Structures are given as C-alpha cells and as structure tokens.
1. Given springs between every Cα pair under 10 Å in a Gaussian network model of the chain, which of 34, 14, 52 has the largest fluctuation?
2. Remind me, relative contact order of the range 31-72 in percent, using alpha carbon pairs under 8 angstrom and six or more residues apart?
3. Given the Cα-Cα distance of residue 56 and residue 14 and 0.36 nm per residue of separation, how much length would full extension add, in nm?
4. From the list [x] 1.00; [y] 1.05; [z] 0.92, can you say which value of Rg/Rh (Cα atoms, Kirkwood Rh) was derived from the structure given?
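None of the figures in this text is laboratory data; all of them are computed from the coordinates on show. Quick caveat, the model's predicted, so the values are computed rather than measured.
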Amino acid sequence: MEEHEGPDGTLYVALDEAERGQKGPFLVAYASPAREERWGYYCTNCGTFDNAMDSMGRVRCNVCSNYKKPDEWDAAHE
C-alpha cells in the first residue's frame, strides 16, 4: 500500500488491486491502511483521485481522460 494525499486527507492505494485503463491502470484507494473502507480509484496515468464511475462500472479520469470499459455491457443500455 502506498500513501497519497487525497482531497479528504491521506488515502491508501493498493498496488495489488488494479482495473485496466486505456492509458494506465486505475488502482483501488482506501480510507485506511486496513482496507476497511474503499474510497475510490487512483489514476496511475496522471496521479490523481479525480475520477468518476457510472452504474455500469465505467471509470473515467477527469484530468487525463484515462478510461476503463464497463464491467458488463448490454446493447439495451445504448
């Protein structure tokens, strides 16, 4: 786990929990080192926590536009 300064204080980035992004992986961030409360994602491409996730599991970095495809895809959602 790596400590990073986030918008709400120190966040803990799990180096062993990643989601594939187009420009670089998104690492899972936690509010505590014990991994009790999942906080969000850390974009490894630009080093920010400024990301958004939708209900289908897509993650997009608001800074560099790194993008993770949805977990599940159904043509009915289009």
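1. 34
2. Details: 54 pairs, mean separation 10.9, N = 42.
Once divided by the residue count of the range 31-72, the mean separation gives 26 percent.
3. On the way: separation 42, 0.36 × 42 = 15.12 nm, distance 2.23 nm.
Here the answer is 12.9 nm.
4. Entry [x].
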